[in-house]
């Protein structure tokens with residue numbers, strides 16, 4: 001449900017972490033307690049945290065994440081050249097992987113992209129939403145992205161009225177990116193990292 005807070009509290013991708021590339025790439029798959037610890041660490045503590053983070057997980061999880069990160073770095077570069085992983089579609093892809101289907105539907109937000117003058121032509125793409133479908137239990141979860149000119153696809157915050165979205169996202173954190181190290185030992189090692197002064 002972390003995304004719910006972030007999406008509802010943000011109007012643009014600028015809200016999301018940008019200065020720390022590692023955190024901007026990984027926070028979407030982190031557990032809440034890991035995020036809290038990471039934010040309070042010194043530079044050296046953060047470096048050690050990054051090593052521990054992947055030591056606590058299966059090597060296959062790291063491979064899956066690396067493949068997804070490579071994909072979003074290439075595909076979503078038009079939305080954010082410096083940090084392609086720091087876009088709404090990239091974040092959902094990093095956490096949930098490839099959707100079962102991608103559809104395009106008429107947008108309810110296209111008025112935001114209407115021409116500013118008679119000399120500008122209407123942006124047809126701005127009248128379309130991209131919808132990603134993920135099967136989950138006996139349901140389908142639909143992530144709807146509204147096009148915002150010139151090149152941003154913003155996650156529609158209406159999505160988070162569906163309680164199953166948070167369940168899907170938490171399940172992916174708990175299965176694909178599961179912590180397999182003894183939890184007590186992992187928390188103790190994280191607690192011993194150098195804090196920010």
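Between residue 81 and residue 54, the simple label model (points 7 Å from Cα in the Cβ direction) yields a spacing of 2.8 nm. Per the Debye formula on identical point scatterers at the alpha carbon atoms of the range 18-68, with no solvent, log10 I(q)/I(0) at q = 0.19 Å⁻¹ is -0.64. Computed log10 I(q)/I(0) for the range 13-104 at 0.15, 0.23, 0.24, 0.25 Å⁻¹: -0.61, -1.29, -1.36, -1.42, from the Debye equation with unit scatterers placed on every C-alpha and solvent omitted. Between residue 70 and residue 187, the FRET efficiency from the beta-carbon distance, with R0 = 35 Å, is close to 0.70. Using a simple spin-label model with pseudo-atoms 7 Å out from Cα toward Cβ, residue 158 and residue 174 lie 2.9 nm apart. Shape verdict for the range 124-197, please, from the Cα gyration tensor: rounded (a/c under 1.5), prolate (a/b greater than b/c) or oblate. Oblate.
Every read-out reported here was derived from the displayed coordinates using simple, explicitly stated rules and does not represent laboratory data. This one's a predicted model, so the numbers in the text were calculated from it and none came from an experiment. Ideal geometry is used to build each Cβ from the backbone, glycine not excepted, and the neighbour counts take in all protein chains shown.
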